[in-house]
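The values are calculated or read from the model by the stated rules, or taken from the named source; none is laboratory data. Here the structure is a predicted model, which means the values were calculated and not measured. Because the Cβ atoms are built from the backbone with ideal geometry, glycine has one as well, and the counts that use them run over all protein chains shown.
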Amino acid sequence: MSFGITRILPGKIGDEYNHTRGHFHTDGGAGEIYVGIKGEGVLLLQKREGSYTSEKLERERVVYAPTDWNGHRTVNTGKEELIFLTIEQADSAHDYETIKEKGFAKLVVERNGKPVIVDNPRYK
């Protein structure tokens, strides 16, 4: 198993909340566990063809990213650091190039003071 701690500072660029780059699992079959330690945010889950779902990530909440939702991006929607633990198979390979080339299907932006998930106009 592989473990990692991620910290995302609060804030936005324009109206888009700070987030991780995001990745896909190249083996297509690696689930991942997220455990909220501090703050609040959203875990975006995406399939390669573009369908998506999301889960709230907050302190003491455990979120499972199933194997068929193999694209992940975490977004800090709060006013303090978002800190979370990830657990996955040690041999799980990551594909960052697809995100770099195509983007992520959805963005989390602020509308009327609240986070809203919207289509990414740059998604190819």
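Among all positions in segment 27-40, there is at least one residue which is touching a Pro at 6+ places or on another chain (Cβ under 9 Å), at positive phi and touching a residue at least 24 places away in the same chain (Cβ under 8 Å). Within the option set G103, G41, G78, being small (G, A, S), surrounded by 15 or more Cβ atoms within 10 Å (Cβ to Cβ) and touching a Lys or Arg at 6+ places or on another chain (Cβ under 7 Å) holds for one residue only, G103.
Within segment 81-100, restricting attention to residues that are among the charged types (D, E, K, R) and touching a Ser or Thr at 6+ places or on another chain (Cβ under 8 Å), the residue that is surrounded by the most Cβ atoms within 10 Å (Cβ to Cβ) is E88. Considered as a group, the residues in segment 15-33 that are in contact with a strand residue (DSSP E or B) (Cβ under 8 Å, 6 or more places away or on another chain) and in a loop (DSSP other than H, G, I, E, B) include one that is modelled with the lowest pLDDT, and that residue is A30.
Within segment 106-124, being farther than 17 Å from E40 by Cβ, without any contact (Cβ under 8 Å) to a residue 60 or more places away in the chain and touching a strand residue (DSSP E or B) at 6+ places or on another chain (Cβ under 8 Å) holds for V118, D119, N120.
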